[in-house]
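The values are calculated or read from the model by the stated rules, or taken from the named source; none is laboratory data. Remember, predicted model here, so these are calculated numbers, not experimental data. Here the Cβ positions follow ideal geometry from the backbone for every residue, glycine too, while neighbour counts run over all protein chains shown. Heavy atoms of the whole protein, side chains included, go into the accessibility calculation; ligands, DNA and RNA do not. Shrake-Rupley method; radii C 1.70, N 1.55, O 1.52, S 1.80 Å.
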Amino acid sequence: MNQQKQAGTIKIQKENSMLKQKQMLAEHFMALSQVRETGKKVVYTFVPGNLTELIYTFDMLPVYPEINALQSGMRKKSHDYIREAEDLGYSEDVCSYVKCDIGMMLQGNIGPTGQKLPDPDILLLSYTGCFVFMKWFENLKQLYPNAEIAMLHIPYQEAGRIEPDAVNYIKKQLLSEVIPVFEKVSGTSFEEKVLAKKMDLSAQAEDLLIEVFDSAQQKPSPIDAYFGGVYYIGPIFTAFRGSESCVDYYRELVKDVDYRIQNKLGPLTPDGYLEQEQYRLVVEGPPNWTHFRNFWKIFYDQGAVFVGSSYTRVGGVYDDGFRHSPDDPLRSLAEYCLGCYTNRNLPQRIDLLERFIRRYHADGFLVNSIKSCNSFSAGQLVMMRDLEERLQIPVGFIETDLVDPRYYSYSNIKNRLDSFFQMLDQRHTVRVTDDWLSDDVLA
Amino acid sequence: MKVYLGIDLGSTTSKAVILDENDHIIGRGITNTRANYEVAAEIARMEAEFNSKFTLLDRELQSQENGTVNWDDVFLRLNHRFHYLQFEIRFRQLMEEMNRIVEEEVDPSQQDLIRSIFSRVSSTINDTVRERYFSGKISISSEFFRDVFSSVYLDAIPSDDKDIYDRLVAIYDRAITPVENTLISFQFVELVAEALELMQDLDQLHRDTILNQLENVDAISLEPTDYIGTGYGRQLLPFDEKHIKSEILCHAMGAHHFFPKTRTVLDIGGQDTKAIQVDEHGLVTSFQMNDRCAAGCGRYLGYIADEMNISVGELGPLAMGAEYESNICSTCTVFAGAELREYLNLGEKKENILAGLHKAIVQRAFALLARSGGVRNEFTFTGGVARNVAVVKYVKALTIANYGELTINSHWDSIFMGALGAAIFSARRLS
Amino acid sequence: METWMPETYDDAITQSRALFEDLTYTYPREWKAKADTRRLIGYLPIYIPREIIHALDMLPVGLFGAGDRLPVVRGDAFFQSYICHLPRTVIELALNGNLDDFDGFIFPSICDVIRNLSGIFRMKMGDRYVRYLDFPQNFNPEVGGTYYRSELERLIDDLSKLNGVVLTNSALNKAIHLYNRNRNLLQRLDSIRVDRPHVVSATDFYLIRRAGQILEVEECNRFWQRVIDLADSIVREPEDKIRVVVSGSFCEQPPLGLIKTIENAGCYIVEDDFQLGLNWFRHELPADTDDPLGVLVDAYLNHSPASSAVYTTEEARGKALLSQVQEQKADGVIFCAPSFCDPALLDRPALEQSMDQNHIKHFSFQYHENLGQFHVIKEQAGTFADMVKLWE
């Protein structure tokens, strides 16, 4: 049986990278709150296929509605917002991010720091890997009739590869739809070499990011690639890619991770370093945000560590060598968008998960199926069966939602996870002592 | 002696199984789950303990080779009387509670009337129930105190004045909960002796033989060497973490113990349906549970029974009388009622509707099986719903249709699989 | 094979219904058996350029789920309870072998569920051609047009490999011509139900149209012409019913019983989007150019309807719905969308607002294709009809 680890016995020391992240995010939201004074322009866009480098090339500031929504979920505001949207006629069936975001705007658009978020100057629809994004933006267009609109359609990798016509299509859209709008609103002309410089910085951050993810090959794993992944590995990546400070952040993070490796420490959880790694898991699907800490705790209390997750790849996949490149920056942006996790077909997604399971020596695979997100969820059951058959790995399946607290049932999840962990225990035990069962039972 | 206890606290019924050190089941107990989970678990355990004592008694007597006596028959009848005596004690307690409610809550002008009805019906109830127990008409493992009492009570009270009738029903509803949630300690030896008194045709010699052994058996401690709790409500048991185990693993182990060649287990319980794949050691290799929505589980059948105003036990046999299955689309409890009424309004026979409902449940369970990796030989069907003949029929039909001819195991006692598995795990831990 | 020249209007409906109910796809299989090069291509809602399929000697067959006609056993193993119903019956049909004679499947880019269903088909029906067809959401001919053209060219290349037929301009022009006529006949049928909904009932019209998702286009054209002739000669008294537009059912189809319920409750359905793809273009496409593929590309970019699957503004969709209401002299709108349908349900609030602003009455509900009881909907539709009449 598991040894219940004593959480919190080590005095929690915020690691340097965490402090830096906190400071960077505070500065970002400060900058957003001061746009009236500074005259900086604001671009609303989505995480998958985000054009952060291009936005910074024009010295504008990005705002990500999904991140607002997940922050609202973590701050327990999402239920109110969702209700507001449902009162307006949104069905209970549809994506809770959309409803949360729309509800938040209707209630004054107060951001995570308590300050009002500025209205968008540009709505940049990077329509990547999620059909709902398109509908979401059509709805936003109504709410912000004065914003300029740029739509970037990223075709799906339906055949499991990047088609040349898709790359050309995206490059043309960047040149004819996106960049002209950016130029018009920012009053700055596009300079490819400015973008190229940012692409170079992105590539540096990407190398470091992969170094962090790959540290999960260690036993014990010094990182949690799911909860930790979205908590202190991912956020900076989305909002600051292409900047010097982003590279600095990841250098700091690599140092912190190295420290954990040297001291045989597990990942940092809200209750301190995880002391005894019991299970190494790979997970498919986004986390739940409304009960983020409670959800995480179910795992770290049992010594379960996520050594790989697909969700941390929605903003880009760098595991197979892709890096933003200064050489032909627009082509590189196109390839980046095409390669995002939810823009890959099911067989590709399975291959990537298999790679995580093998590379990070996982002993279990879990699906957190999100009610809101058909892009992720439709097909997960087949993916799970396929991986189970392919790798003979124990699999688990739970259901939650992104930010609709009505779809988080603690006892339901706990019940399934207990069985899952105990199934993993049995596998462990059997592997260690094959004669676990006495013969008389088998007779 | 060393014994191991497994308790399965389900959403509808609570089960207990006691194993001896040779992995033989010596006792099982079952009761309905109620608000107080601890009481439910304790009653199930106590039942299992009494049942174990009967088993030990039986072993002793069988070993004595007493010639021509059919001990099986004697024990069966003894058991019926033993359970009747327990009923009688609970019944007295319930009547007291009902009288207390009358005293405290009923309009004084009506109190005398109701009390007179109570005194009139209580002997009727007692007589009827006694007769039913003695003749073996009450199933000890599926009809519990509340079922036995209410069915007789509702028939016995006068129904001509609706107002009075409703009041009488309301008094029962109020009284049953506190009574059910109170634990009564029964004295095993005294109760058995009393039960023997009720078997007048048993000759003195055999009576003495039993009484002699009874003392010996009662002296054997059945304090479990180890125990494990499982089931839907396991977290609510007052057990330490190491005495709690997931129901999936327990059901699989129980099914494996009963049917060692089992590779796939389907368990349909009150609130959960589980599809489990096991290896040759009874260890789980993969499992799937129903999603958030409990549609198609045992509760659904309970709801349908309520809608049709019949008992759950009657559903299966009724459905077996169908000519064909009505096409039921929804296993959602909310919609099923409406669908049922719509069919009834259209003049559809209730047997056909019920057959359609049963088939819909099984179809849903098969989707879960497909999710978990399909059905492999041998296929064991467990859980409370496995007692329903119509469900078993469709499980067989769908297995053949989708997976070919396989060995399908299903057993009346398969409701005890979870508790059995828990008991095995507790025994394994120490061996 | 049955001839599609019915004697009476009722025969036409009976024949259409039999075709609709036949989940073994007898008609397509018999069609295919007639020549070696013939192939069957299944497609999902909403729209695909069927002209191309036809010109390659293939039969495009609409896969619109199986409604309440197929119990789902294996389909539920693939999809969680919060995903719509259509993909369950589609995969059930595939796994049951009902689609064994099909040679390929096309999944248009209308939502994430259909998209991922294409992935499941890739995994489970790997020996067939499986194609997720990404329609452009950029309508600039140089940008989206070029892209769409290259996507179609890739589609043509892939399909050609299935039977060795090479696409010629003349074959594609001929197909465009046939489908022009097909759409024209459909519009004429439509105008009969708009003018005389008491003659062509909503379920009749539904079944007649569904035939268009299966029949070979020339046969369909003869059949529809025949139905028009037969319907023209029917004389029947109109009933006192209101006229409604039904919106939101372009993918997963409502069960026939639901359509009938709406009508029986006092609402003539004078416009709907049940089979939107059949009538994607409302005008005649040039059928005699040197670049017929360019004609299809241009038509898609410039003449697609305000569908939920095509990027536009909510305002434009509201206007389109409003003009439907006005043109068909409808009294109100019924928003009738499948449960868990992202495209329809995410458009609904804005469309409702737009109707409110224009004082058009409306009500909404959700269904799934195997819905079995219509009690609540009957109540709602009946009340709606009464309410509208009261206001008149």
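Inside 10 Å of the C-beta atoms of C:349-356, what's the mean count of C-beta atoms belonging to other chains?
3
Can you work out the FRET efficiency for the pair C:Thr8 and B:Ala338, with r the C-beta to C-beta distance and R0 = 41 Å, to the nearest 0.05?
0.65
Counting only other residues whose beta carbon sits under 9 Å from that of B:Met1, what net charge do I get with K and R as +1, D and E as -1?
The answer is -1.
Compute the long axis of helix C:375-391 from its Cα atoms, compare it with the longest principal axis of the Cα atoms of chain C, and write down the angle in degrees, 0 to 90, nearest 10.
60
Under a point-charge model restricted to the Cβ atoms of Lys and Arg (+1) and Asp and Glu (-1), what is the dipole moment magnitude of region A:285-443 relative to its Cα centre, in debye to the nearest 20?
About 580 debye.
Using a/c under 1.5 as the rounded threshold, could you call chain A rounded, prolate or oblate? The axes a ≥ b ≥ c are square roots of the C-alpha gyration tensor eigenvalues, and prolate needs a/b larger than b/c, oblate otherwise. Don't jump to the answer; show the numbers that get you there.
Details: a/c = 1.66, a/b = 1.59, b/c = 1.05.
Prolate, since a/c reaches 1.5 and a/b exceeds b/c.
Can you tell me how much longer the chain between C:Arg236 and C:Asn96 gets when fully stretched, taken as 0.36 nm per residue apart minus their C-alpha distance, in nm with one decimal?
That works out to 46.0 nm of additional length.
Under a 10 Å cutoff between Cα atoms, tell me which one of B:Ser372, B:Ser414, B:Ser221 has the largest fluctuation in the Gaussian network model of chain B.
Taking springs between Cα atoms under 10 Å, the residue moving most is B:Ser221.
What's the FRET efficiency of A:Asn16 with B:Ile310 using the Cβ-Cβ distance as r and R₀ = 56 Å, to the nearest 0.05?
The computed FRET efficiency comes out at 0.20.
Against the longest alpha carbon principal axis of chain A, how many degrees, from 0 to 90 and to the nearest 10, is the axis of helix A:96-106 turned?
Taking the Cα atoms of chain A, the angle to A:96-106 is about 40 degrees.
Specify which residue in the list C:Gln80, C:Ser118, C:Gly65 is farthest towards the positive end of the charge dipole of region C:35-165, using unit charges on the beta carbon of Lys, Arg (+1) and Asp, Glu (-1), about the Cα centre.
Of the candidates, C:Gln80 comes out farthest on the positive side.
Over region B:81-180, with every protein chain in place, what whole percent of the accessible area is carbon and sulfur at 1.4 Å, could you tell me?
Taking all protein chains in place, region B:81-180 shows 47 percent carbon and sulfur surface.
For chain C, with a Gaussian network of springs between Cα atoms less than 10 Å apart, report the residue from C:His85, C:His375, C:His177 with the top mean-square fluctuation.
C:His375
Taking R0 as 56 Å, what FRET efficiency do you get between C:Arg282 and B:Val389 from their Cβ-Cβ distance, rounded to the nearest 0.05? Before the final figure, lay out the partial values.
Working: r = 59 Å, r/R0 = 1.05.
Step by step, r from the Cβ atoms, then E = 0.45.
For region C:35-165, what does the relative contact order come out to in percent, with C-alpha contacts under 8 Å and a separation of six or more?
Numbers: 171 pairs, mean separation 33.1, N = 131.
Relative contact order, region C:35-165: 25 percent.
Might you report the magnitude of the Cβ-based charge dipole of region B:63-178 about its Cα centre, with Lys and Arg at +1 and Asp and Glu at -1, to the nearest 20 debye?
300
List the relative contact order of region C:199-335 as a percent without decimals, with contacts defined as Cα pairs under 8 Å and 6+ residues apart.
On the way: 114 pairs, mean separation 41.3, N = 137.
It rounds to 30 percent for region C:199-335.
Rounded to the nearest 5, what % of DSSP beta bridges with both residues in the protein assembly as shown are antiparallel?
Antiparallel bridges: around 30 percent, rounded to the nearest 5.
Taking all protein chains as present, what is the carbon and sulfur share of the accessible area of region B:262-406, in % to the nearest whole number, probe 1.4 Å? Working shown, then result.
Details: 2550 of 5050 Å².
Carbon with sulfur: 51 percent of the solvent-accessible area.
Net charge near C:Ala175, counting Lys/Arg +1 and Asp/Glu -1 over other residues with Cβ under 12 Å of its Cβ? Can you show the working numbers first?
Numbers: positive: C:Arg50, C:Lys174, C:Arg181; negative: C:Glu51, C:Asp57, C:Glu216, C:Glu218.
Cβ neighbours under 12 Å give a net charge of -1.
Roughly how much of C:Lys378 is accessible, in Å² to the nearest 10, using a 1.4 Å probe?
My reading of the accessible area for C:Lys378 is about 120 Å².
How large is the accessible surface of B:Ser311 in square angstrom, using a 1.4 angstrom probe and rounding to the nearest 10?
60
Could you run the numbers on buried accessible area between B and A, total for both chains, 1.4 angstrom probe, in Å² to the nearest 100?
That pair hides around 2800 Å² of surface in total.
What accessible area, in Å² to the nearest ten, does a 1.4 Å probe give for A:Trp136?
My reading of the accessible area for A:Trp136 is about 0 Å².
Checking an interface number: how much accessible area is buried between C and A, summed over both chains, with a 1.4 Å probe, in Å² rounded to 100?
Heavy-atom accessible area buried at this interface is about 4600 Å².
In terms of solvent-accessible area of protein heavy atoms at a 1.4 angstrom probe, what is the ranking of B:Lys274, C:Lys32, highest value first?
Accessible-area ranking of B:Lys274, C:Lys32, largest first: C:Lys32, B:Lys274.
Residues of region A:172-212 with accessible area at least 30 Å² lower in the all-protein-chain context than alone (1.4 Å probe)?
Listed in order, they are A:Lys172, A:Glu177.
In straight Cα distance, which lysines are under 24 Å from A:Lys264, not counting same-chain residues fewer than 8 positions off?
Cross-link targets: A:Lys5, A:Lys11, A:Lys14, A:Lys20, A:Lys219, A:Lys255, A:Lys297.
Rounded, prolate or oblate for chain C? Axes are the square roots of the Cα gyration tensor eigenvalues, ordered a ≥ b ≥ c, and the cut-off for rounded is a/c under 1.5. Please list the in-between numbers first.
Working: a/c = 1.39, a/b = 1.36, b/c = 1.02.
In terms of gyration-tensor shape, rounded.
Which of B:Ala40, B:Ala48, B:Ala156 ends up with the largest GNM mean-square fluctuation for chain B, with Cα atoms connected below 10 Å?
Result: B:Ala156 has the largest fluctuation of those listed.
Give me the net charge for the shell around B:Ile101: Cβ to Cβ below 13 angstrom, other residues only, Lys and Arg +1, Asp and Glu -1.
-3
Sort A:Thr45, B:Thr12 by heavy-atom solvent-accessible area, probe 1.4 angstrom, most to least. Please report the intermediate quantities before stating the final value.
Values: A:Thr45 0, B:Thr12 70 Å².
Most to least solvent-accessible, the answer reads B:Thr12, A:Thr45.
In the protein assembly as shown, with Lys and Arg counted as +1 and Asp and Glu as -1 at Cβ, which of these residues, A:Pro270, B:Thr12, A:Leu391, has the Cα nearest the positive end of the dipole, that is, farthest along it?
Farthest along the dipole direction, towards plus: A:Pro270.
A:Asp214 versus B:Asp73, label points 7 Å from Cα toward the beta carbon: distance in nm?
Result: 8.2 nm between the two label points.
Say a paramagnetic label sat at a point 7 Å from the Cα of A:Glu183, along Cα to Cβ; which residues of region A:55-77 have their backbone N under 14 Å from it?
Within reach of a label on A:Glu183: A:58.
Keeping all protein chains in place and using 1.4 angstrom, which order do B:Glu60, A:Glu66 fall into by accessible surface area, from largest down?
B:Glu60, A:Glu66
Before I look further, what does the protein assembly as shown give for accessible area per residue, probe 1.4 Å, in whole square angstrom?
Per residue, the protein assembly as shown has an accessible area of 36 Å².
May I ask you to derive the relative contact order of chain C, considering only C-alpha pairs under 8 Å and at least 6 residues apart, and to give it as an integer percent?
It rounds to 20 percent for chain C.
So what's the angle, to the nearest 10 degrees on a 0 to 90 scale, between helix C:112-124 and the longest Cα principal axis of chain C?
Taking the Cα atoms of chain C, the angle to C:112-124 is about 40 degrees.
Which of the three applies to chain B, rounded, prolate or oblate, going by the alpha-carbon gyration tensor with a ≥ b ≥ c and a/c under 1.5 meaning rounded?
Because a/c hits 1.5 or more and a/b fails to exceed b/c, chain B counts as oblate.
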